[in-house]
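Shown next, in structure tokens, is the structure this report addresses.
The values are calculated or read from the model by the stated rules, or taken from the named source; none is laboratory data. All figures in this text were calculated on a predicted structure; none of them were measured in a lab. Positions of Cβ are generated from backbone atoms using ideal geometry, with glycine treated the same way; all protein chains shown enter the neighbour counts.
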Amino acid sequence: MSMIQRPGRKPITQNIAKDLRHKIEQQVYSPGQRLPTTLDLGKSYGVSPVTMVKAVNHLKEEGILETRSGVGIFVTDPATRVSSTPANLMGTMGQLTTILISRTQDMMASEQVDDSLLYLEGIKQQMVSGVQETAGLFGIRHHMAIVAQSDFETRSTSMLGALQQANDQSDAIVIACDRMDHELGLWIVEQVQCPVVFLSFENHPMSPLNVVIKDTYYSTYQLLESLIDKGYRRLGCFGAPDRYLGRRRAWRDVHEDRHIPLDQTLFYPVGDSTVEIQKAAKHIVNLPKA
């Protein structure tokens, strides 16, 4: 099958998504069945893999398809599927934007590639994947923007533009990065009106341990303290389950120092696996706004 775009017609990705949706409704692809790869699907529709991925993402956002990390794309079970109709969005976010802070562009401009930085890029991709799939599960539209690490650190116009666009179009923003300092985090919060969730970590495999602990504790403490000053009271925090305990201590201490009741359920001990990240993201997305 080949779908050629003609003037006046809907975008080709929507046509492909509509066709796939029809096949799923007719059980050409049954609940729980694994779909062909996006490369093979693209060949069958006569489109590029990039176009095919966009079409598949439409159905992920509707909760019709799901990605199982390292396995493939599957048709979700209707019994567990969450509709994206407006009625089901009442009381929840309509759109979520993730800004992925990427070192890839900066590494491409360098003559040397740091293996440890490539490792971090992979972890960030897993984090964003977990957020995207969880958003789809709850019928929340998800958009992703990519900003170079150098633009992020210098607070460039492209970083500011990405923040402003996300603020205008979304109900909440997720910043996915491998390092977040207090001043930069505070600057981001001050640029927007909607809630911001920071997904960052200091688990750099080649960092000296004392630097990791120091940066994790003080950066986390100062950032949480700044959010408290802006009126936030429900402060969630990611942390490794059995190492780098500075972040957990900072999260606990800032509550104690500012006399705020500590809700232990808002600390999410997650490792680097996609499954753990997805579970934590599910809890965060489903939290009451109060």
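Scan the stretch 57-69 and give yes if some residue there is at positive phi, out of contact with any helix residue (DSSP H, G or I) (no Cβ under 6 Å at 6 or more places or on another chain) and of a type outside the set (Ser, Thr, Tyr), otherwise no. Reasoning before the result, please.
Just the residues of the stretch 57-69 that are at positive phi, to begin with: 63.
Within this subset, residues satisfying the condition of being out of contact with any helix residue (DSSP H, G or I) (no Cβ under 6 Å at 6 or more places or on another chain) are none.
No, every residue in the stretch 57-69 fails to be at positive phi, out of contact with any helix residue (DSSP H, G or I) (no Cβ under 6 Å at 6 or more places or on another chain) and of a type outside the set (Ser, Thr, Tyr).
Here is a yes/no grid of residues against (1) touching a strand residue (DSSP E or B) at 6+ places or on another chain (Cβ under 8 Å); (2) modelled with pLDDT under 80; (3) closer than 29 Å to ASP151 by Cβ:
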| residue | (1), (2), (3) |
| --- | --- |
| MET3 | no, yes, no |
| GLN14 | no, no, no |
| ILE24 | yes, no, no |
| ARG34 | yes, no, no |
| MET93 | yes, yes, yes |
| MET108 | no, yes, yes |
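Conditions first: (1) modelled with pLDDT of 70 or more; (2) farther than 19 Å from ILE173 by Cβ; (3) basic (Lys, Arg). LYS214 passes all but one, so which condition is the exception?
(1)
Does the stretch 255-274 hold any residues that are assigned to a helix (DSSP H, G or I) and modelled with pLDDT of 65 or more, and which are they? Break it down into steps so the answer makes sense when it comes.
Filtering the stretch 255-274 down to residues assigned to a helix (DSSP H, G or I) leaves 255-257, 264-266, 274.
Once the filter is applied, which keeps residues that are assigned to a helix (DSSP H, G or I) and modelled with pLDDT of 65 or more, the stretch 255-274 yields HIS255, GLU256, ASP257, GLN264, THR265, LEU266.
Just to check your reading of the model, which residue among ALA55, ALA79 is aliphatic (A, V, I, L, M) and at pLDDT below 80?
Values: ALA55 fails: at pLDDT below 80.
ALA79 is the lone residue from the list that is aliphatic (A, V, I, L, M) and at pLDDT below 80.
For the stretch 125-135, check the following and say yes or no: at least one residue is outside any strand (DSSP E or B) and more than 12 Å from the chain's Cα centre (by Cα).
So the first thing to find is which residues in the stretch 125-135 are outside any strand (DSSP E or B), and the list is 125-135.
Among the residues that remain, those that are also more than 12 Å from the chain's Cα centre (by Cα) are: none.
So far as the stretch 125-135 goes, no, none of its residues is outside any strand (DSSP E or B) and more than 12 Å from the chain's Cα centre (by Cα).
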